[in-house]
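Worksheet: one structure, shown below.
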Amino acid sequence: MILNESVLKEFGKRVRELRKEMRLSQEELAERANLHHTYIGGVERGERNPSLKSIKKIADALGVELEALFIPPAGIKVTNRELIEEIKRIVSTMDPHGLKLVKAIVEDIKEWEKEIGPSLNLLSPLKNTGLTLKSLSGLPLFKSKPTGCL
């Protein structure tokens, strides 16, 4: 499956989840969004590539912000292959300085896994930051190396 199809399927799953949470049928959602019910079905199955206007209509009909359609709820599993593809997409546009920082962060995580084992959730304290404290210790933000982060 190519990445675009995966994105459409994930988006469709999220629309379906939100619709069901609101206890709406596809027909009811379509009516609220001023779209055809077969179009909503196609979006939910990942068969349609909705325009920004249609996405906005769907979000409004569901009573959610646009971001809610793109942020998966906690607990959704992503395969390693999907994660690697997403990481490649992100880093492909980075400058050399940014790439060096990403490399340092990945190396730090690998070292942490050697020290305390991969079974622990190494990033739980940093879940919403996107960075590791160990990598940040080399930046001028910290006067000394962070300690006690795990």
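The values are calculated or read from the model by the stated rules, or taken from the named source; none is laboratory data. From a predicted model like this one, the values you see are computed outputs, not experimental measurements. Glycine also receives a Cβ, built like all others from the backbone with ideal geometry; neighbour counts cover every protein chain displayed.
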Please determine, by comparing only the residues of the range 16-51 that are modelled with pLDDT of 95 or more and among the aliphatic types (A, V, I, L, M), which one is surrounded by the most Cβ atoms within 10 Å (Cβ to Cβ).
-> ILE40
Answer with yes or no whether LYS13 is surrounded by fewer than 15 Cβ atoms within 10 Å (Cβ to Cβ) and under 30 Å from GLU85 (Cβ atoms).
-> no
Can you name the number of the only condition in (1) surrounded by 12 or more Cβ atoms within 10 Å (Cβ to Cβ); (2) at pLDDT 70 or above that LYS88 fails?
-> (1)
